[in-house]
Every structure is written in C-alpha cells, then in structure tokens.
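Trainee: Dropping the structure in here first, questions after.
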Amino acid sequence: MSGDRRKFLWRSLGGATAAWLAANWPQGLAAAEAAQGAGGFAFFSRAQAAEIDAMSAQIYPTDDLPGAREAHVVGFIDLALVTFAQDKQTIYTKGFGELSAATGGRPLGSLPEARQIALLTGIENTPFFRTVRDHTVMGLFAAPQHGGNFGKLGWKQIGFDDSLNFRAPFGAYDKA
C-alpha cells in the first residue's frame with residue numbers, strides 16, 4: 001500500500017505543482033511566520049475545517065503510514081488561504097456550498113467511508129477538489145513551520161533528510 005502512496009505522490013508533484021511552489025516560495029515563508037503565532041483557524045470555521053480534514057484524509061489516508069490528518073494538513077491549508085493562497089478563497093467558499101449540496105447538508109466525515117470516496121470521486125475534476133488535493137500534497141511536504149507536515153511525517157515517508165548537512169561529491173573538488 002505504501003508503494004502506491006509514493007507513486008501517487010510523485011505523480012501529484014508534477015511540473016505544475018513544482019513550478020507553483022518555486023514561484024510562491026517567498027509567500028510560503030510569510031506563511032511560516034503566521035503559523036508560529038496562529039491559534040485556532042484563520043480562514044475556516046470549525047465546521048469547514050472538519051470538512052477539509054475529512055477530504056484530505058481521503059485524499060491521503062492513514063494506513064500502515066500516517067496520513068494527511070496526522071500531518072495536520074488542514075492547519076497548513078487554513079494558513080495558506082490567509083497568506084500565499086488568498087486567491088483560492090473563492091474556490092473554497094463555493095466548494096463548501098457544492099459539497100454541502102452533494103452530502104445533503106451532512107458533514108462529509110459523518111458519511112460511511114465508501115460514500116465519502118464515491119462522493120469525492122464524483123467531484124474530483126472540480127476546481128474545489130483539485131485545489132484541496134494540491135494543498136493536501138503541499139501540506140504533507142511543506143516545512144513544518146508552515147503549519148503542515150507535523151512531526152515531519154511527509155518527509156519521513158519519502159526519506160527526505162532535512163539536516164542541511166551538505167557534503168561535496170567525492171572527487172568534485174579534488175583538482176589541484
């Protein structure tokens with residue numbers, strides 16, 4: 001199962017996501033500063049945060065490895081929406097209405113898992129779902145001070161070493 005998860009992650013971290021991260025890196029640093037002083041939610045209501053938590057938990061579920069919920073992805077997304085991803089607020093606001101209509105007004109997390117998956121599969125090509133999926137993946141691998149990747153769970157799953165301990169490749173500087 002974890003092999004499938006890693007394949008999904010590498011496919012999700014395609015060129016568009018990498019380009020977006022590179023272009024928005026300074027704003028990400030601003031989000032880090034906001035995350036350190038934030039308490040509660042800055043954009044989401046508690047009910048909205050629960051919906052995003054349920055969605056992200058289906059996008060990157062917990063199995064033999066921790067998932068989006070354990071990585072506190074909802075916190076990252078909340079901070080992103082008031083810092084570097086403010087332009088996505090309308091997508092979320094509209095999406096919450098669409099999600100509520102699809103669930104009959106019931107919280108997504110209260111539905112049986114199979115129903116949640118079927119519902120999310122039905123909306124996977126909408127701007128709302130695509131944005132939540134992108135933000136979920138970003139939250140899994142962002143530096144923890146940005147509000148996600150709690151305990152460096154995402155980094156541990158892909159074997160990323162954040163020690164910043166650089167060693168030159170053997171022979172790279174041996175010319176006399």
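The values are calculated or read from the model by the stated rules, or taken from the named source; none is laboratory data. These numbers come from a predicted model, not from an experiment. Positions of Cβ are backbone-derived with ideal geometry, glycine not excepted, and every protein chain shown enters the neighbour counts. Ligands, DNA and RNA are stripped out before the accessible areas are found, and what is left, the full protein with its side chains, is counted by its heavy atoms. Shrake-Rupley method; radii C 1.70, N 1.55, O 1.52, S 1.80 Å.
Trainee: Calculated FRET efficiency, T62 and N125, Cβ-Cβ r, R0 22 Å, to nearest 0.05?
Mentor: On the way: r = 25 Å, r/R0 = 1.14.
The value I calculate is 0.30.
Trainee: What's the ranking of 64-72, 91-99 by average number of surrounding C-beta atoms within 10 Å, highest first?
Mentor: Values: 64-72: 18.9, 91-99: 17.2.
Most protected by this proxy first, the peptides run 64-72, 91-99.
Trainee: Please list I52, I123 in order of solvent-accessible area, largest first, computed with a 1.4 Å probe with all protein chains present. Show your work: numbers first, answer last.
Mentor: Numbers: I52 0, I123 35 Å².
Descending order: I123, I52.
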